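Written below as structure tokens is the structure these notes are about.
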Amino acid sequence: MYEHDVIVVGAGGAGLRAAIAAQEEGADVAIVSKLHPVRSHTGAAEGGINAALREGDSWEDHAYDTMKGSDYLGDAPAIETLAKTSPEEVIQLEHWGMAFSREEDGRVSQRPFGGLSFPRTTYAGAETGHQLLHTMYEQLVKRGIEVYDEWHVLDLAVSDEEAPKDRTCHGVVGYDVQSGNIEGFRARDGVILATGGLGQVYDHTTNAVSNTGDGVAMAYRAGAPIEDMEFIQFHPTTLPSTGVLISEGVRGEGGILYNEAGERFMFEYGYASNDGELASRDVVSRAELNEVNAGRGIEDEYVHLDMRHLGEERIIDRLENILHLAADFEGVDALEEPMPVKPGQHYAMGGIETDENGETCISGLYAAGECACASVHGSNRLGGNALPELIVFGARAGYHAAGRDLGEAEVTTGKRGDWEPGEVETPVEPGAVEPDVEADASDAVADGGSGLDSEEFVERATERATEHVESLLANDEGRNHAEIRAEVQQSMTEQVNVFREEDALKQALRDIREAREAYQDVGVADQSRTFNTDLLQTIETRNIIDLAEAITLGALVREEFRGAHWRQEYQERDDENWLKHTLLSWNDGSPELWFKPVILEGEEKRYEPKIRSY
Amino acid sequence: MSTQVSDQTDDESSASEAETAPAAQQRRMEKKRQRAAEAAEKRQADEAEAALADEETYHLKVFRYDPEIEGKKEPRFDDFHVPYHKGMTVLDALMYARDTYDSSLTFRHSCRQAICGSDAMFVNGSQRLCCKTQLSDLEEPVRVEPLPHAEVVKDLVVDLEHFYDQMEAVEPYFQTNDLPEGELEEQRQSRENREKVKMSTRCIWCGACMSSCNIAAGDNEYLGPAAINKAYRFTMDEREGEDMKQQRLEILEQEHGVWRCQTQFSCTTVCPKDIPLTEHIQELKREAVKSNLKFW
Ligand SMILES: Cc1cc2nc3c(=O)[nH]c(=O)nc-3n(C[C@H](O)[C@H](O)[C@H](O)COP(=O)(O)OP(=O)(O)OC[C@H]3O[C@@H](n4cnc5c(N)ncnc54)[C@H](O)[C@@H]3O)c2cc1C
Ligand code: SF4
Ligand code: FES
């Protein structure tokens, strides 16, 4: 068993920042990550990082824009913390040497981004995430922080009191990818989950293959509620064969969208008569799919994004990387041909419920970054707001876990005070199917015996995970995970995509249920202990199933149209009934649904919901 | 196909309530065997079909090795015939082969967009990122092998420990003497200076350059192009002071540093991020001479 004060799971922007903060606070900290840190998906972020740095801008304006962008489903204390803290965090990065783009006077450059009232998106070319990830990893090396890389965390070691808010997290169980060894990691002071996005729930996503939502699924099964899972952001311009992102910059520079008949549909069909191609991400995504659904798509799948008219000179000057992306990943020369594009899953607004200090309702369990829902993005994230979230809340989680007093949080976690029960009619029983003896090992997190000490909890969890792995390997002729995964991904893309309607959502639940049943017999053909990706993907597939279900349940229960969540039957935002967060708790193997109100009270003012106009 | 499968599972769950556990177990095992046989058949049919429809498939020859598994301890090449679609990359083909034909086929990959650096391999005789390489640019059969000059862990996965150690040997972090006053003040950097270091900051640690370098292959202690480029990134940054620069040059001009480079340009040729590595190494040699350091 390994032992540290603080254990951070994941080494993207959020995990690295958390580890640095915890160490600064004097903790002995280690990172456990299934990928080497520089391989984390934070490296893919292109556009930039928002922070109010300049005269004429203010944290209050940043907070206001964020609340408005969230369609009034963000919590004011968290949003204000984000807006207030991101300037110092961004300048901190700058002091660590991050290669930001520069103004004439040597200060960092900022540019305008959708939904922002001031050009406050700080950037490093079109590779902001890459620069940020590497700069932070450099600091990690400098500080000698220990990293267990290519260690896949299988489970959390959490005590088993009846109410999740009475439970404690004592550590994690890791699987050494190179050797196949399973070891416990005891955390004396806290575990911080920073495992990133869950794009692999969909078959078409801008996210990495490793973004399987492991942390969210683990925390969920350990009893931590997950929040606002229905809100998934789709990006309108991704390459059809891979999901690689074509930045908004193309439309910003004047790129035009055409349907199969060569019509400029954003104007001609009146989807956004004022803004055309520059309308917000959700609007453009819906327009594109409308075209395809109406039979005006190309190969029944995508539309064209054309930038040829901008001229070679301008393209090379401002959009050179787009030429590379189109050529390398789609085999298209964008100087000669239009690029094929379609909407793709891009970001999960929801995640593990945390407060402004990154803490969940389970004591000693924290979450930060895309896997968490500190509730700053509400139902729609503004571009450039995810990266500051990583460093602001990553740092806070790190400090807090290591013992710094950050003051009482205003956002509450777990069932407290003003929660209200929810119900939704489902065509099938959601949740785990009757567990057979073998699969059972992975389901139960809590396993009896209060009075166990912390080490014993970690040992138990390790034994359980070991048994689980053994049972998967024993079934070498079972169902292949790839098949089950593909079925879930396709169903989600067909039924729980940009457009949502009741029957389709219910169909998705049936499909997911079928996947669960098929998963009962999942097995691993590769019998090697060395670098067994077959085994790891089998384990990830279970997470995908649980999260697909959570997204679908949330989408079914939320009977309104808010932010990225469009419902055919409910075409209005309903502030009367729905200014509240959707929460799911894993209760004896089935999801329990409940709600808590949104906090619109800021430090000095209340954010009044205003009509969203396009 | 998919309806068939789901029918089966439906039967299973409704029947199992009445049955005893062992009987259910047995029945499941039987189904499983049946399914395995069907899957094997389908796989063969798929491969055969794919191989027949010649112009629509790509033929891959993929290196296989697993130190643990009987029958895979001897390195060999497996053939896969993968149905082709426009835009398909080598990584897409590998994933297809793994998901459809052999789930034990092992390789690193994650972002699919040339930014995580994890799928550098030896494809048709040169180091490339598989996700960034269009099949249509390659001659058939497409040979996929692990990066040369590194220990193979399994199939296409190599041990990168040594590469990481070299990267970390150059003190790869920013060190400045004069932080500006005030928490929110920036350390100004001229545009020209950012331009100068820009290309060097693009490295994604894929290891392709190191793998292509003859010198590195013969001298295990040679820092190698990626690490030297990392040092370039800081040495040339005007915000690091003169004394830091000296310190870095000392690391660089040690016996296994910049002077080992024989300007063969192989690193520059393979770098998927177009970093002018050889040029950067040459420039550092000049800096070292300028600063009057001893050389070997
Ligand atoms: C293409 C693209 C462009 C984007 N552009 C922008 C932008 O311009 N601006 C912006 O603000 N946001 C942007 N975003 C969003 C933002 O980049 C992400 O939300 C953010 O980087 C996520 O960071 P993270 O630290 O939470 O997770 P990640 O960087 O994904 O890191 C997750 C880490 O967890 C580890 N991990 C996962 N599961 C396990 C496990 N089971 N065991 C151990 N380790 C595990 C992984 O190894 C990895 O190290 C973009 C996103 C994408 C996909
Ligand atoms: S310098 Fe280029 S080839 Fe070498 S590791 Fe970096 S990106 Fe890869
Ligand atoms: S998969 Fe990330 S670089 Fe190719």
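When region A:126-143 is filtered for residues that are free of Cβ contacts under 8 Å to residues at least 40 places away in the same chain and in contact with a helix residue (DSSP H, G or I) (Cβ under 9 Å, 6 or more places away or on another chain), the ones remaining, listed by number, are A:Gln131, A:Val141.
Restricted to region A:175-286, the set of strands (runs of 3 or more DSSP E) holding at least 2 residues that are under 21 Å from the mean Cα position of the chain (by Cα) comprises A:182-193, A:232-238.
When each of B:Asp102, B:Asp159, B:Asp137 is tested for being facing chain A (nearest Cβ under 9 Å), more than 16 Å from ligand 3 (Cβ to nearest atom), under 25 Å from B:Cys213 (Cα atoms) and free of Cβ contacts under 8 Å to residues at least 40 places away in the same chain, the lone residue that passes is B:Asp159. Of the residues A:Asn532, A:Asn587, the single one that is away from chain B (no Cβ under 14 Å) and of a type outside the set (A, V, I, L, M) is A:Asn587. The test for being surrounded by 14 or more Cβ atoms within 10 Å (Cβ to Cβ) and either more than 28 Å from B:Arg128 (Cβ to Cβ) or at pLDDT 65 or above (or both) does not hold for B:Leu52.
If you filter region A:462-481 down to residues that are crowded, with 17+ Cβ neighbours inside 10 Å and among the small types (Gly, Ala, Ser), you find that the one that is nearest to the other protein chains (Cβ to nearest Cβ) is A:Gly478.
When we screen A:Gly129, A:Gly125 for residues that are farther than 19 Å from B:Pro180 by Cα, surrounded by fewer than 22 Cβ atoms within 10 Å (Cβ to Cβ) and within 9 Å of another protein chain (Cβ to nearest Cβ), the only hit is A:Gly125.
To keep it simple, each residue is scored yes or no on (1) surrounded by 21 or more Cβ atoms within 10 Å (Cβ to Cβ); (2) in contact (Cβ under 8 Å) with a residue 12 or more places away in the chain.
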position	(1), (2)
B:Glu68	no, no
B:Glu74	no, no
B:Phe77	no, yes
B:His85	no, no
B:Val90	yes, yes
B:Ala93	yes, yes
B:Ser110	yes, no
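The single condition from (1) crowded, with 22+ Cβ neighbours inside 10 Å; (2) in contact (Cβ under 8 Å) with a residue 12 or more places away in the chain; (3) of a type outside the set (Phe, Trp, Tyr) that A:Asp526 fails is (2).
In region A:314-335, is there at least one residue being modelled with pLDDT of 95 or more, touching a Phe, Trp or Tyr at 6+ places or on another chain (Cβ under 8 Å) and outside any helix (DSSP H, G or I)? There is no residue in region A:314-335 that is modelled with pLDDT of 95 or more, touching a Phe, Trp or Tyr at 6+ places or on another chain (Cβ under 8 Å) and outside any helix (DSSP H, G or I).
Which residue is farthest from A:Asp228 (Cα to Cα), if the candidates are limited to region A:405-418 and must be under 24 Å from the mean Cα position of the chain (by Cα) and of a type in the set (A, V, I, L, M, F, W, C)? Top of the filtered list is A:Ala409. So which residues in region A:600-614 are surrounded by fewer than 20 Cβ atoms within 10 Å (Cβ to Cβ) and either charged (D, E, K, R) or in contact (Cβ under 8 Å) with a residue 60 or more places away in the chain (or both), if there are any at all? Of everything in region A:600-614, those that are surrounded by fewer than 20 Cβ atoms within 10 Å (Cβ to Cβ) and either charged (D, E, K, R) or in contact (Cβ under 8 Å) with a residue 60 or more places away in the chain (or both) turn out to be A:Leu600, A:Glu601, A:Gly602, A:Glu603, A:Glu604, A:Lys605, A:Arg606, A:Glu608, A:Pro609, A:Lys610, A:Arg612, A:Tyr614. Restricting the first member to region A:387-402 and to residues that are away from every other protein chain (no Cβ under 14 Å) and among the acidic types (Asp, Glu), and the second to residues that are more than 10 Å from ligand 1 (Cβ to nearest atom) and assigned to a helix (DSSP H, G or I), the beta-carbon pairs closer than 9 Å and six or more apart or on different chains are A:Glu389/A:Leu82; A:Glu389/A:Ser86.
Residue count for region A:74-122 under the criterion of being of a type in the set (Gly, Ala, Ser) and facing chain B (nearest Cβ under 8 Å): the result is 4. Look at (1) without any contact (Cβ under 8 Å) to a residue 60 or more places away in the chain; (2) within 16 Å of ligand 1 (Cβ to nearest atom); (3) of a type in the set (Ser, Thr, Tyr) and you find that B:Ser118 fails only one, number (1).
I'd like to know if region B:107-125 contains one or more residues that are more than 16 Å from ligand 2 (Cβ to nearest atom) and touching a Leu at 6+ places or on another chain (Cβ under 6 Å). Among the residues of region B:107-125, at least one is more than 16 Å from ligand 2 (Cβ to nearest atom) and touching a Leu at 6+ places or on another chain (Cβ under 6 Å), which makes the answer yes. Among all positions in region B:245-253, there is at least one residue which is closer than 22 Å to A:His95 by Cβ, more than 10 Å from every other protein chain (Cβ to nearest Cβ), assigned to a helix (DSSP H, G or I) and touching a Phe, Trp or Tyr at 6+ places or on another chain (Cβ under 9 Å).
May I ask you to list the residues in region B:178-203 that are touching a helix residue (DSSP H, G or I) at 6+ places or on another chain (Cβ under 7 Å) and not hydroxyl-bearing (Ser, Thr, Tyr)? Listed by number, the residues that qualify are B:Leu179, B:Glu183, B:Leu184, B:Glu186, B:Gln187, B:Val197, B:Cys203. Being over 25 Å from B:Asn124 (Cβ atoms) and within 15 Å of ligand 2 (Cβ to nearest atom) is a property that holds for B:Val170. Scanning for something more than 25 Å from the chain's Cα centre (by Cα) and in contact (Cβ under 8 Å) with a residue 60 or more places away in the chain, does region A:56-74 turn up at least one residue? For region A:56-74, residues more than 25 Å from the chain's Cα centre (by Cα) and in contact (Cβ under 8 Å) with a residue 60 or more places away in the chain: present. Looking at B:Thr176, is it of a type in the set (Ser, Thr, Tyr), closer than 27 Å to A:Ile322 by Cα and more than 7 Å from every other protein chain (Cβ to nearest Cβ)? It is false that B:Thr176 is of a type in the set (Ser, Thr, Tyr), closer than 27 Å to A:Ile322 by Cα and more than 7 Å from every other protein chain (Cβ to nearest Cβ).
Going by what's in this entry, would B:Glu195 be described as away from ligand 3 (no atom under 16 Å from the Cβ), crowded, with 18+ Cβ neighbours inside 10 Å and within 12 Å of another protein chain (Cβ to nearest Cβ)? Spelling it out, it is not the case that B:Glu195 is away from ligand 3 (no atom under 16 Å from the Cβ), crowded, with 18+ Cβ neighbours inside 10 Å and within 12 Å of another protein chain (Cβ to nearest Cβ). A search for C-beta distances below 7 Å between a residue of region A:157-184 that is without any contact (Cβ under 8 Å) to a residue 60 or more places away in the chain and any residue that is buried (at least 20 other Cβ atoms within 10 Å of the Cβ), counting only pairs 6+ apart in sequence or on different chains, returns A:Asp176/A:Trp151.
Residues checked against (1) more than 16 Å from ligand 3 (Cβ to nearest atom); (2) surrounded by fewer than 19 Cβ atoms within 10 Å (Cβ to Cβ):
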residue	(1), (2)
B:Leu147	no, no
B:Gln166	yes, no
B:Glu171	yes, yes
B:Asp178	yes, yes
B:Cys206	no, no
B:Ser212	yes, no
B:Gly218	yes, yes
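Within the option set A:Thr66, A:Thr135, being more than 8 Å from chain B (Cβ to nearest Cβ), modelled with pLDDT of 95 or more and outside any loop (DSSP other than H, G, I, E, B) holds for one residue only, A:Thr66. Candidates in region A:139-159 are the residues that are under 24 Å from the mean Cα position of the chain (by Cα) and charged (D, E, K, R); of these, the one that is surrounded by the most Cβ atoms within 10 Å (Cβ to Cβ) is A:Asp155. The set of residues from region A:37-63 being near ligand 1 (Cβ under 8 Å from one of its atoms), assigned to a loop (DSSP other than H, G, I, E, B) and not acidic (Asp, Glu) comprises A:Ser40, A:Ala45, A:Gly47, A:Gly48.
The values are calculated or read from the model by the stated rules, or taken from the named source; none is laboratory data. Everything quoted here is computed from the prediction, not taken from an experiment. When we count neighbours, we look across all protein chains shown, and the Cβ atoms used for this are built from the backbone with ideal geometry, even at glycine.
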